Every structure is written in structure tokens, then in C-alpha cells.
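Derivation of every value follows stated rules applied to the coordinates shown; laboratory data play no part. Remember, it's a predicted structure, so these values are computed and weren't measured experimentally. In this analysis, Cβ positions are derived from the backbone assuming ideal geometry, glycine residues included, and neighbour counts consider all displayed protein chains.
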Amino acid sequence: MKDTLRLLLSLSCNLNCEYCCNRIPEVKKRFREMPFGDIDFSRYQNICLTGGEPFMDRLLLYAVIRAIPESKNIYLYTNGLLIMNVDVYFLGRIPNFKGLNIGLHYLEQLEQINGQVDRLNVRYAMRDTLAADFFAAYPGRMNKNNTKIWKMNECDTPNEDLVLLQI
């Protein structure tokens, strides 16, 4: 049984990564489109909010977060570039918000991300080919405990259902 719902708020993104899993036809075929009200949250323990980039529509993002049952763990997947102090403040006060997963795509990106995010439970994710450069460039901010290293086209998530929010 799948314990995680990966809820794509939209496919819009402020980056244009050629290797994005959402562009791979085999992955896109697995998306089920449905309105928020039709989602059966009782089937899942973990809710991963993602996109595209979820911070492109803060009103939608926060409306969805508020509507998710408090008994569910919420994880947010983002590239981190649009996060503001108010977002860190808001997310830090949500009892069932468990973590922020920031996908890093180029070395300078971490400098462009609001440093306040480190007040939250953050996990940085990067391609295996970039990991050594990130660790060397940001030894005080990144370590083996707060990073996930992935390989190109590693998009299979067998424990997750993929739902694209229908608005």
C-alpha cells in the first residue's frame, strides 16, 4: 500500500530544467488529475506538496496546507528561490509541517535562497554530479545529514500516488 501522496499544485515553474521528472512522458502518464475535494487523504500518512514550483501561487499553496488534515505529515518540495521570510514564519508554525525539500540545480542557487529557510527542517537535494561541488562551496550549510543525492532520471517513486491538482 502506498503511504504517500505527491500532490502537484501546478506544473508552472520559475526554472526550466531539461531533466525535470514532470517532463518525462512515462511519469506524466502516472499523474491523476483531480479536484482537491476528491482526494481521499485517509489513504496516506505523508503529503508531499510540489509542482512545478509551489511558491509561484502562495494563495493556493497556503489554502491547500490549511485544508490538509492535521493528522497528516506535510512535506514541501521547492527550488527555494521564491521563499520569503513570511513563508519561513508561516511554515514554522504549522504543527504537521515536517520538512522542506529544496532541489538544487546549479551551484549559485544556494546563495539566492533565503538563509532563513535553515530555521526549518530542510533537506537539500542535488544531482550526484554536483554533490562534491556543493559540499566544497557550502561546508557550513550542507552536510551528509541534510542532503539527498540523486541520479539523473531517478523519478520512480513506488510508495507514492501522483495527483495533479485540478483547479
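Would you mind pulling out the separation of the Cα centroids of the stretch 67-92 and the stretch 102-162, in Å? Cα centroid to Cα centroid, the span is 17 Å.
In the stretch 1-74, what is the volume of the convex hull around the alpha carbon atoms, normalised per residue and reported in Å³?
With only Cα atoms used, the stretch 1-74 gives 99 Å³ per residue.
Let me have the 222 nm mean residue ellipticity of the chain computed from DSSP H runs of 4+ only, each contributing -39500 (n - 2.57), with the sum over all residues rounded to the nearest 500. Counting only the DSSP helices, I get -4500 deg cm²/dmol.
A simple spin-label model places the labels of Leu11 and Glu108 2.9 nm from each other, with each point 7 Å out along Cα-to-Cβ. Fraction of C-alpha pairs exceeding 28 angstrom in the stretch 17-167: 21 percent, rounded to a whole number.
Each Lys or Arg adds one and each Asp or Glu subtracts one; over the other residues with Cβ under 13 Å from the Cβ of Leu59, this totals 0.
Roughly how tilted is helix 58-67, in degrees to the nearest 10 and between 0 and 90, from the longest Cα axis of the chain? Approximately 60 degrees, to the nearest ten.
Give the peptides 105-111, 120-126 in descending order of average Cβ contacts within 10 Å, highest first.
The packing order, highest mean first, is 120-126, 105-111.
A Cβ-based charge dipole, computed about the Cα centre of the chain with Lys and Arg at +1 and Asp and Glu at -1, lands at about 300 debye.
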